[in-house]
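*Asks:* Just dropping this structure here.
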Amino acid sequence: MVIKLDVVVVIDIEATCWAGATPVGQEHEIIEIGICTLDIKTGERIDRESLLVKPTKSKVSQFCTELTGLTQQDVDNGLRFDRACSILRKKFKTKSRIWASYGDYDRKMFEKQCAAHGVAYPFNGTHINIKSLYAMLMGLEREISLSAVLSQLNIEFEGQPHRGIDDAWNEALILSHLIEKMRLPLAE
Ligand code: AMP
Ligand code: MG
């Protein structure tokens, strides 16, 4: 398959979670797929979207609502997971584009949930881990948190932390900075 390099699809997911152990009979499930598309040539962020997904094997706990701002009622009106994956494929063309996330958590959650729900993985084999890319390019000894990167770059977080749509928006800006800084030296 030919990968198109028009945009990178930056994705940040939120999942059901608990303060302590996972309650018996429940499991972590995706409840929001935050999306921000980044124009590779111009470095501009283009579209941002939040796909809320209805969990089928878990409930949104009070702890999860406090972390993400999302309630059970919000996700009760959400999409089925297979429908959300279909939107990624059709609207965001994730089968033929590169996607990126901050860390490997989002990729692993997609792999796990697609397998568990018998849903086709909506991406191709490519994935950019912005967290490791940033650490490598900055010569850091280890990966650092999203908030630490933003403070290194002197960028204020825009929106609400731990909302997928806002996390993706800010993560896309970090990737944009990296692409902009690296492009000219490497192209010379
Ligand atoms: P994030 O993209 O940092 O908002 O995290 C993605 C998901 O990881 C959240 O929706 C939670 O399911 C889980 N998560 C993040 N931070 C915590 C935390 N402090 N305690 C428990 N789960 C967390
Ligand atoms: Mg998030």
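*Asks:* Collect the residues in segment 77-120 that are within 15 Å of the chain's Cα centre (by Cα) and on the phi > 0 side of the Ramachandran plot, keeping them in residue-number order.
*Replies:* Within segment 77-120, Gly103 is the sole residue that qualifies.
*Asks:* I've got another one for you. Under the condition of being of a type in the set (A, V, I, L, M) and within 12 Å of ligand 1 (Cβ to nearest atom), which residue from segment 146-177 is farthest from Thr71 (Cα to Cα)?
*Replies:* Of segment 146-177, the ones of a type in the set (A, V, I, L, M) are 146, 148-150, 153, 155, 165, 168, 172-175.
With within 12 Å of ligand 1 (Cβ to nearest atom) added as a condition, the list becomes 146, 165, 168.
Details: Leu146: 24, Ile165: 15, Ala168: 20 Å.
Here the answer is Leu146.
*Asks:* Residues of segment 131-188 being at positive phi and over 13 Å from the mean Cα position of the chain (by Cα), which ones? It would help to see each step written out before you state the result.
*Replies:* Of all residues in segment 131-188, those at positive phi come to 139, 154, 159, 162.
Residues satisfying the conditions are Gly139, Asn154, Gly159.
*Asks:* On to the next question. Run down Gly34, Gly69, Gly43 and say which single residue is in contact with a helix residue (DSSP H, G or I) (Cβ under 7 Å, 6 or more places away or on another chain) and on the phi > 0 side of the Ramachandran plot.
*Replies:* On the way: Gly34 fails: on the phi > 0 side of the Ramachandran plot; Gly69 fails: in contact with a helix residue (DSSP H, G or I) (Cβ under 7 Å, 6 or more places away or on another chain).
Only one candidate passes the filter, namely Gly43.
*Asks:* Oh, and also: For segment 4-32, name all the residues that are away from ligand 1 (no atom under 11 Å from the Cβ) and β-branched (Val, Ile, Thr).
*Replies:* Residues of segment 4-32 away from ligand 1 (no atom under 11 Å from the Cβ): 4-10, 21, 23-27.
Matches in segment 4-32: Val7, Val8, Val9, Val10, Val24.
*Asks:* Here is a further query. Do we have any residue at all in segment 101-113 that's more than 20 Å from Ala168 (Cα to Cα), of a type in the set (D, E, K, R) and surrounded by 14 or more Cβ atoms within 10 Å (Cβ to Cβ)?
*Replies:* yes
*Asks:* Filter segment 49-78 down to residues that are among the aliphatic types (A, V, I, L, M) and within 11 Å of ligand 1 (Cβ to nearest atom) and give me whichever is surrounded by the fewest Cβ atoms within 10 Å (Cβ to Cβ).
*Replies:* Step one: list which residues in segment 49-78 are among the aliphatic types (A, V, I, L, M), which gives 51-53, 60, 67, 70, 75.
Restricting the remaining residues to those that are within 11 Å of ligand 1 (Cβ to nearest atom) gives 60, 67, 70.
Numbers: Val60: 22, Leu67: 15, Leu70: 21.
Within segment 49-78, the match that is surrounded by the fewest Cβ atoms within 10 Å (Cβ to Cβ) is Leu67.
*Asks:* Test each condition in (1) under 17 Å from the mean Cα position of the chain (by Cα); (2) within 15 Å of ligand 2 (Cβ to nearest atom); (3) of a type in the set (A, V, I, L, M, F, W, C) for Val60 and report the one that comes out false.
*Replies:* Only one criterion is unmet by Val60, namely (1).
*Asks:* Of the residues Leu178, Leu186, which single one is farther than 16 Å from Ile33 by Cα and modelled with pLDDT under 95? Walk me through how you get there before you give the answer.
*Replies:* On the way: Leu178 fails: modelled with pLDDT under 95.
Exactly one residue qualifies, and that residue is Leu186.
The values are calculated or read from the model by the stated rules, or taken from the named source; none is laboratory data. Fair warning: this is a prediction, and the values are worked out from it, not measured in the lab. Using ideal geometry, Cβ is built from the backbone for each residue, glycine included, and neighbour counts are taken over all protein chains shown.
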